[in-house]
Each structure stands twice: as structure tokens, then as C-alpha cells.
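J.: Structure below; questions to follow.
The values are calculated or read from the model by the stated rules, or taken from the named source; none is laboratory data. Bear in mind that the values here come from a model prediction, so they are computed numbers and not experimental data. With ideal geometry, Cβ positions are generated from the backbone for all residues, glycine too; neighbour counts draw on all protein chains shown. The accessibility values were calculated without ligands, DNA or RNA, using every heavy atom of the protein model including side chains. Shrake-Rupley method; radii C 1.70, N 1.55, O 1.52, S 1.80 Å.
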Amino acid sequence: MKKILIIEDEKILFSMYKEKFEMEGFEIFEAKDVIDGLKLAKKEKPDLVILDILLPGENGLSFLKAQKNEPSISKIPIIVFSNLDDPKTKEKADELGAKKYLIKANYEPRELVKIIKKYLE
Amino acid sequence: MATIFQLHQVILFLTISIGLWLAFWVYFAGKTKKTNKYFFWMVLLWLTGEIVPYFLFRNVLLSQKILFFLPKLEIAFVFIFFIFFYLFSINFLKETNKFPLLNKLIPCTAIVGAFLSIFTNLFLERVELTEERMGLNLILTPGGKIIWLGFVIIITLFILSRFLLNYFRTLRENKLRFQYFLIGVFIWAIINLVFNVYFPIIYNTFRYAYFGNYVIFVFFGFTAYAIVKRELFGIKVVLTALLVGLIAILLFLDAVLFTQTLGIQILKGIILVIFLFFGYSLIKSVLREIKLREELGIAYQELKKLDEAKMEFLSIASHQLRTPLTVIKGYLSMILDGDYGKIPEKVQEKMKDVYLSSERLIKLVNDLLSATRIETGKMELKLKKAPIEPIIEQAIKELEIKVKEKNLYLRFEKPPKESKLPTGQAKKQLPEMLIDSEKIKEAIYNIIDNSIRYTQKGGITIKCKMQNSKCKIEVSDTGTGLTEDEIAKLFESFSRGAAGSRLYSEGVGLGLYIARKFIEMHNGTIRAESEGKGKGSSFCIELAMK
């Protein structure tokens, strides 16, 4: 069973995605901020990370930065999933190695599943 | 003879006072800065060079030796002065690191020159007692003349050239400082060259030398002002003021010294007053113009800040709006997908409507964000080579549900595959173009979406072809059509009041505005045509091939 780490602080959004992904047969791990996210990533070594940007404490970009310098988790594909539509942030995320930058409101859960399945192959 | 000396003394006293004041003013304005320190020493040296001869030469009964020695000091002093002049200028220009060799060479050469001029007779041939110039006339050796003047001129030209070179490279604020310095140097150099160089060499007389010496304070004055003041009046103002002052002085002198008749004197006096009045208002208007320009600059900066704030606010607002919309859209689509089991038909129907409404809201938020970004100039193109057909097909796919709901057709008439080339290869009809696929897709989506909204029966046809080395995309519908008036206002954003003319409350009228902007960012054009109400409309996009 593939493991997915979702770093998202909005409970209501998180439960929606968790439900959908669990229906599709994935194992879901939850983190509410970058620090927890890094800890969990190092511990569980998920197959994919879904990363929000606007988080309490440091924003999602610092997760991307930290991940690059951590050899144990640097190879995990990261998809940025945020409602923040800022060109500069998108560019930065791209530079830091995010596989994709998706605006949450533009995707249905089913479409999200399709995309992550692609990156899990 | 006595009167000349007294005039000398007055002028000397004045210049020493001004000089000291300038030197200390600059020094205290920046005790730590090298530029200020070099300036201070430069001025002090000059003053010493002027004071010593004047006070000592008054007593013509000095022994012959001293009489011969002091002028040598004077020549030496010029050498030393130029060390500080060079050091000061290089520091003022912030080019201390550029000429490390010269930084050592010039002072060394100057010191050698000073040494030689004091302890040998290489420079000074003889001294003559005359009535001019405080009683002493320096006659230099021919070789001495060349070396001494050569040294002076070469360094001055070098400094001037560095200034001119740097002048064209610096920012506006620095330009002013340089302008002041240059004007001061220029005036000083010209007058000095005439009275201290040309006259002595050609006419062998230092009679007018003091003229050149005093004018150095013009140079010092301008430079000091440029160093100390942070905010300088534009050079225009200074030059205008100088010119007005000069003409006023000349008019005055003319009226007082060279006019015989009282009547004409009065007339000239009146002319002087009128002139002063106009000169004053001229300067005032120049100052006002400068102030206005500054205010404009500040207003512009404020506007830019406001734009930034607008964008930041909108980014955050749209993020906040999107979060609950995401939840609504998410769960609705999962329910409609059957993830929570079967739901009654009736419920499904209504859920679909709710879903479409939430989609509308999401599109609205996206459009508002895009429109504001376009208007504040923050929209950027990400150009990549891509074929146009898949983009159109993608837009069509995203609108399939909508057309099905309204029972309309949505056809894409691709260009016919051209007959094979002689080589047997199929000619690609639509080559790849350098475009931002996302934005072109959104533009096409918005246009088709708009057509769907205004078409009740029939459908929409999309054609695409190459024409005159341009890619032409045509979207035609069998809908309500447009009047000429409507066509004119069609692509404006709602902020211009155009949407008021639209009868349908669906949509805010931003879709076509954004479509037009995106196409125009690609240097393309978009046109709407219609034969009138009820006769459908067609939208024509033209993109240049790149």
C-alpha cells in the first residue's frame, strides 16, 4: 500500500482528501506544519508528499528547501497543493523541485487522485 | 602702489576667511570620510600657499636668500597641492581602487618635484622685484616651466576626464554632485589657465595671477556645497542664478561707472530693477518646476505601493475565498461520483446545480485575480513551443458538460490534413507556436463559454487554420448575436461599466476581457462579428506565428 503524507492545516480540507485517498487504497499520514511534516517524512518515508503553502509557522517552501538537504527524503516527489495563486511562489516551488503546483479549488478530488497516481509510478 | 596693496589685502582677507570657513564646514560635515579630509587639507594648503607670500613679501627688506627661497616654496607648494587635489578627486569619485599605481606615483612625483624646486635651481631661474604682484616676479627656467605646468595640466586633465567618464555612468543623484564639481572646476580652470598660465608664459607676467588664485574659491565653494549638502538644487537653478547675478552686476557697474548722464543712469537703474524682477521670477519658476517633478515622482512611488498592496490583498482574499469553495466542490463531486453510495435522481439533479454554482464562484474568483493581475501589470507569460490543436481540444473537453446540459453541439473542425508532399510525408498543417498554453487555453475557454451562455439552440463550431502566416481560430455560435454597440463594449472589463449593457446576470463580463488581454499579450488580435440580433456571432482570434 502506497503511503502519502499530506501537510495541510485546514482540518476540513484534510479530512476530505484523506477520505478520498483512503477510498483509493492509499495510507495517509497527517502533518499540520513543516516541522511535523519533516519529522513524519523522515520517520515514515512516504511515496509522495502533498504540500500546502500557507501553514502555521514557516510556509511550505521551507519544507521543500529542507527536503533537498535531507538525503533520506530528498527523492520523494512533492506536489504543491495550495489555494495561493502567486506567480513568485510558483516559481520558487518549481526551483526547489516541486513536481507540480496545483490550485486546490481547480481540481476535484478524483482528478487529484489521477495526478498522484501518475507520480507514484 | 599703496592702494593696490590695500585692495590685495582686503581680497586676501576675504578669501582666507571664506576658505577657512569652507574647509571647516566640509570637515565637520563628515569628519570620518576621506573625501572630506582631503578636501580640508587641500584648501588649507592653498591658503597657506597664498598667505605666506603675501605676508612675507610685504617686507621687501628681507635678505636675498630668503627672498629667493620663498618663491621656491611657492612652486613646491603647487606640487603638494596637486597631491591633495588628486587624492581628493579620486576619493570623491570613489575610484581609489582603480589606479593603485597612480595613487603612489603622483604623490611621489610631486614630492620629488617639490624637493627639487626647493633645494635646487632646476625650476626657479631668478626673482625680479617689481611693482606688480606684491613686489616679486617669479621667472621660471624654460625646463621648469614645462615640467611644472605639464604636471599641473596633466593631472587636471586626468581628473576632469575621470569626472566626465563617471558622470555619464552615475545615477541622477550623483550626477548633481558631479555637475557642481565640474562647473566649479571648469570656471576655475578657465580663469586660472588664462591668468596663471597663459599670461605668465606668453607675457612673462604674474601680474594677474592673483585673479586666478582667488577664483579657486569658486571651485572650492561649488565642491564644498556638493560634498556637504544632501539635497542639491538642480544645476539649472544655479546656472540661472549665476547668470542673472552676473548680468545684474554688469548692468549695475555699467550704470554706475560708465554712464555720464544722470537721466540715463536712472533709466539704466530702472532697467536693472526690471531685470532683477524678471530674473527672480525666472528662478522661482525653475524651482517650482523642480518641486513639481519631485512631487510627481513621489506620487508615482505611492501609486506603485498601492498597486502592491492591492495585489497582496487580492492574493490573500482569493485564497480565503477558495478554501471553503474547495470543500464544497470536493464533496459535491465525490457525492455525485457515487463515493457515498447511490443517491436519488432528484437529489442528483439538484446537487449538479449546486456543483455548477460552486464552479461559477470558483471561476469568478480566478477571473478577479487574473483581471487585477493584468491591470497591475503583474501578469507574466510563460512561453513554450506548443501545438495549438491540443489546447483547443482541452478547452472543449472542459466545456463538454455545459454543452450537454444545454443540448448544444460543440464541434471542432480541424484543418484537413493536406495531401502528401512529393516526399510522401504528410504536411503538418498547424506547426507549433511559441505561446503560453495555459493562457491561450483560458482565452479560448472563455470565448466558447461566453458563446454557450448566449446560445439557446444549435451549437458552437470552432475552426482553426493558417492564414497569411498567422494562426486563425474562429469560434462561431448560433446564439443571440450582437449589436454594433455591444461589439464595441464587448471586451472591456466590468470596471468600465460595460457589463451593465448585458442582459444576463450570469457571468461578470470578465471572461472576454481576460481573453482579449491574454491574446494581446501574445501580440495577437481578437475580433467579434455578428450580423445582428438573433443571427449568431463569431469570434476571430489571430496569433502571429513565432
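Matching residues to (1) modelled with pLDDT under 85; (2) touching a Pro at 6+ places or on another chain (Cβ under 9 Å); (3) more than 22 Å from B:GLU312 (Cβ to Cβ):
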| residue | (1), (2), (3) |
| --- | --- |
| B:ASP367 | no, no, no |
| B:LYS378 | yes, yes, no |
| B:ILE396 | no, no, yes |
| B:ASP436 | no, no, yes |
| B:ILE447 | no, no, yes |
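J.: Let me ask something else about it. Whether any residue in the stretch B:347-356 is within 13 Å of another protein chain (Cβ to nearest Cβ), assigned to a helix (DSSP H, G or I), modelled with pLDDT of 85 or more and open to solvent by less than 50 Å² (accessible area, probe 1.4 Å) is what I want to check.
T.: Scanning the stretch B:347-356, I find at least one residue that is within 13 Å of another protein chain (Cβ to nearest Cβ), assigned to a helix (DSSP H, G or I), modelled with pLDDT of 85 or more and open to solvent by less than 50 Å² (accessible area, probe 1.4 Å), so the answer is yes.
J.: Right, something else. Within the stretch A:9-25, restricting attention to residues that are more than 12 Å from the chain's Cα centre (by Cα) and farther than 12 Å from A:PRO109 by Cβ, which residue is surrounded by the fewest Cβ atoms within 10 Å (Cβ to Cβ)?
T.: Among residues in the stretch A:9-25 that are more than 12 Å from the chain's Cα centre (by Cα) and farther than 12 Å from A:PRO109 by Cβ, the one surrounded by the fewest Cβ atoms within 10 Å (Cβ to Cβ) is A:GLY25.
J.: What pairs can you find where one residue is in the stretch B:286-299 and open to solvent by less than 60 Å² (accessible area, probe 1.4 Å), the other is not in a helix (DSSP H, G or I) and not basic (Lys, Arg), and their Cβ atoms are less than 7 Å apart, with a gap of 6+ or different chains?
T.: B:ILE290/B:GLY234
J.: If a residue counts only when it is among the hydrophobic types (A, V, I, L, M, F, W, C) and touching a Leu at 6+ places or on another chain (Cβ under 7 Å), which helices (runs of 4 or more DSSP H) contained entirely in the stretch A:2-111 have at least 1 such residues?
T.: A:34-44, A:60-68, A:87-95
J.: (1) within 28 Å of B:LEU356 (Cβ to Cβ); (2) within 14 Å of chain B (Cβ to nearest Cβ); (3) surrounded by 16 or more Cβ atoms within 10 Å (Cβ to Cβ); (4) modelled with pLDDT of 90 or more: which one isn't true of A:LEU84, the others all being true?
T.: Condition (4) is where A:LEU84 drops out.
J.: Only one of B:VAL52, B:VAL26, B:VAL10 is open to solvent by 80 Å² or more (accessible area, probe 1.4 Å), in a helix (DSSP H, G or I) and modelled with pLDDT under 80; which?
T.: B:VAL10
J.: Consider the stretch A:37-50. How many of its residues are away from chain B (no Cβ under 14 Å) and either closer than 25 Å to B:LEU321 by Cβ or open to solvent by less than 10 Å² (accessible area, probe 1.4 Å) (or both)?
T.: Count: 5.
J.: Would you point out the residue of the stretch A:5-36, among those that are among the β-branched types (Val, Ile, Thr) and over 14 Å from A:PHE81 (Cβ atoms), that is farthest from the other protein chains (Cβ to nearest Cβ)?
T.: Only one residue tops the list, namely A:ILE35.
J.: Inspect the stretch B:502-522 for any residue being surrounded by fewer than 19 Cβ atoms within 10 Å (Cβ to Cβ), at pLDDT 80 or above, in the same structural domain as B:ILE396 (by TED's automatic domain parsing) and not charged (D, E, K, R) and give the result as yes or no.
T.: Yes, that holds for at least one residue.
J.: Does the stretch B:330-341 contain at least one residue that is exposed (fewer than 15 other Cβ atoms within 10 Å of the Cβ), part of a helix (DSSP H, G or I) and either of a type in the set (D, E, K, R) or touching a residue at least 12 places away in the same chain (Cβ under 8 Å) (or both)?
T.: Within the stretch B:330-341, one or more residues are exposed (fewer than 15 other Cβ atoms within 10 Å of the Cβ), part of a helix (DSSP H, G or I) and either of a type in the set (D, E, K, R) or touching a residue at least 12 places away in the same chain (Cβ under 8 Å) (or both).
J.: Against the definition (away from every other protein chain (no Cβ under 14 Å), surrounded by 15 or more Cβ atoms within 10 Å (Cβ to Cβ) and of a type outside the set (A, V, I, L, M)), how does B:GLU375 come out, yes or no?
T.: Against the criterion (away from every other protein chain (no Cβ under 14 Å), surrounded by 15 or more Cβ atoms within 10 Å (Cβ to Cβ) and of a type outside the set (A, V, I, L, M)), B:GLU375 qualifies.
J.: I've got another one for you. Among the residues of the stretch A:87-101, which ones are open to solvent by 30 Å² or more (accessible area, probe 1.4 Å) and within 26 Å of A:GLU24 (Cβ to Cβ)?
T.: Scanning the stretch A:87-101 gives A:GLY97, A:LYS99, A:LYS100, A:TYR101.
J.: For the stretch B:307-321, indicate whether the set of residues that are at the interface with chain A (Cβ under 10 Å from one of its Cβ atoms), in contact with a strand residue (DSSP E or B) (Cβ under 9 Å, 6 or more places away or on another chain) and not aromatic (Phe, Trp, Tyr) is non-empty.
T.: yes
J.: Given the conditions (1) at pLDDT below 65; (2) surrounded by 13 or more Cβ atoms within 10 Å (Cβ to Cβ), and given that B:ILE216 satisfies all but one, which numbered condition is not satisfied?
T.: The number of the failed condition is (1).
For (1) more than 10 Å from every other protein chain (Cβ to nearest Cβ); (2) open to solvent by 60 Å² or more (accessible area, probe 1.4 Å); (3) closer than 24 Å to A:PHE26 by Cβ, each residue gets a yes or a no:
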| site | (1), (2), (3) |
| --- | --- |
| A:LYS68 | yes, yes, no |
| A:SER74 | yes, no, yes |
| A:ILE78 | yes, no, yes |
| A:ILE103 | no, no, yes |
| A:ILE115 | yes, no, yes |
